[in-house]
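Below is one structure; the comments refer to it alone.
The values are calculated or read from the model by the stated rules, or taken from the named source; none is laboratory data. Predicted model only: the values in this text are computed from it and were never measured. Using ideal geometry, Cβ is built from the backbone for each residue, glycine included, and neighbour counts are taken over all protein chains shown.
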């Protein structure tokens, strides 16, 4: 297995390189994080939204399982290490300016969400017909 620390990301030296080049040059925010959306590889259903830093992204690439950075705990978070709900990474996609990722994963275990649901996205926003409070509706 490749040592994750030996993986190098490409340079962010020009718009053309970032948007059209083939070097992976992720753009981390001012906190050193990049948004990572996990979706089911078979159904394309959204599973969860999380963040990665450079180290956890490299670890994900070498391990083949999702490793995130927990903003609330301020620490590395190998999804499934304590719950058994691992995410095997099938593919990682990046957007045009390489500041967001989509991880296509095979979700293992009882579910993705800490509420034990299959997805963290189990509610949708509903717009009231007249002025009023915007509400949520459970998605089946």
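Going through 101, 136, 49 one at a time, which residue ends up being at pLDDT 95 or above, out of contact with any helix residue (DSSP H, G or I) (no Cβ under 9 Å at 6 or more places or on another chain) and part of a strand (DSSP E or B)?
Values: 101 fails: out of contact with any helix residue (DSSP H, G or I) (no Cβ under 9 Å at 6 or more places or on another chain); 136 fails: at pLDDT 95 or above.
Every option except 49 fails the conditions.
Quickly run through the stretch 87-98 and pick out the residues that are over 16 Å from residue 33 (Cβ atoms), surrounded by fewer than 18 Cβ atoms within 10 Å (Cβ to Cβ) and out of contact with any helix residue (DSSP H, G or I) (no Cβ under 7 Å at 6 or more places or on another chain). Full working, then the answer.
As a first pass, look at the stretch 87-98 and keep what is over 16 Å from residue 33 (Cβ atoms): 87-91, 93, 96.
When the remaining residues are screened for being surrounded by fewer than 18 Cβ atoms within 10 Å (Cβ to Cβ), the result is 88, 90-91, 93, 96.
88, 90, 91, 93, listed by residue number.
Of the residues that make up the stretch 105-113, is at least one surrounded by 12 or more Cβ atoms within 10 Å (Cβ to Cβ), closer than 30 Å to residue 17 by Cα and touching a strand residue (DSSP E or B) at 6+ places or on another chain (Cβ under 8 Å)?
Start the filter on the stretch 105-113 by keeping residues that are surrounded by 12 or more Cβ atoms within 10 Å (Cβ to Cβ), which leaves 105-113.
Then keep just the ones that are closer than 30 Å to residue 17 by Cα; that gives 105.
Imposing the further condition that a residue be touching a strand residue (DSSP E or B) at 6+ places or on another chain (Cβ under 8 Å) reduces the set to 105.
So far as the stretch 105-113 goes, yes, one or more of its residues are surrounded by 12 or more Cβ atoms within 10 Å (Cβ to Cβ), closer than 30 Å to residue 17 by Cα and touching a strand residue (DSSP E or B) at 6+ places or on another chain (Cβ under 8 Å).
Out of 84, 80, report the one residue that is in contact with a strand residue (DSSP E or B) (Cβ under 9 Å, 6 or more places away or on another chain), modelled with pLDDT under 95 and either on the phi > 0 side of the Ramachandran plot or in a loop (DSSP other than H, G, I, E, B) (or both). Can you show your working first?
Working: 84 fails: in contact with a strand residue (DSSP E or B) (Cβ under 9 Å, 6 or more places away or on another chain).
Exactly one residue qualifies, and that residue is 80.
Which of the residues belonging to the stretch 63-76 are closer than 17 Å to residue 99 by Cβ and surrounded by 15 or more Cβ atoms within 10 Å (Cβ to Cβ)? Talk me through it step by step, then tell me what you get.
First pass over the stretch 63-76, keeping only residues closer than 17 Å to residue 99 by Cβ: 68-69, 71.
Across the stretch 63-76, the qualifying residues are 68, 69.
Among the residues of the stretch 52-62 satisfying the criterion of being in a helix (DSSP H, G or I) and without any contact (Cβ under 8 Å) to a residue 60 or more places away in the chain, which is surrounded by the fewest Cβ atoms within 10 Å (Cβ to Cβ)?
Filtering first and then ranking leaves 55.
When you scan the stretch 22-38, do you find a residue that is closer than 16 Å to residue 100 by Cα, part of a helix (DSSP H, G or I) and out of contact with any helix residue (DSSP H, G or I) (no Cβ under 8 Å at 6 or more places or on another chain), even just one?
no
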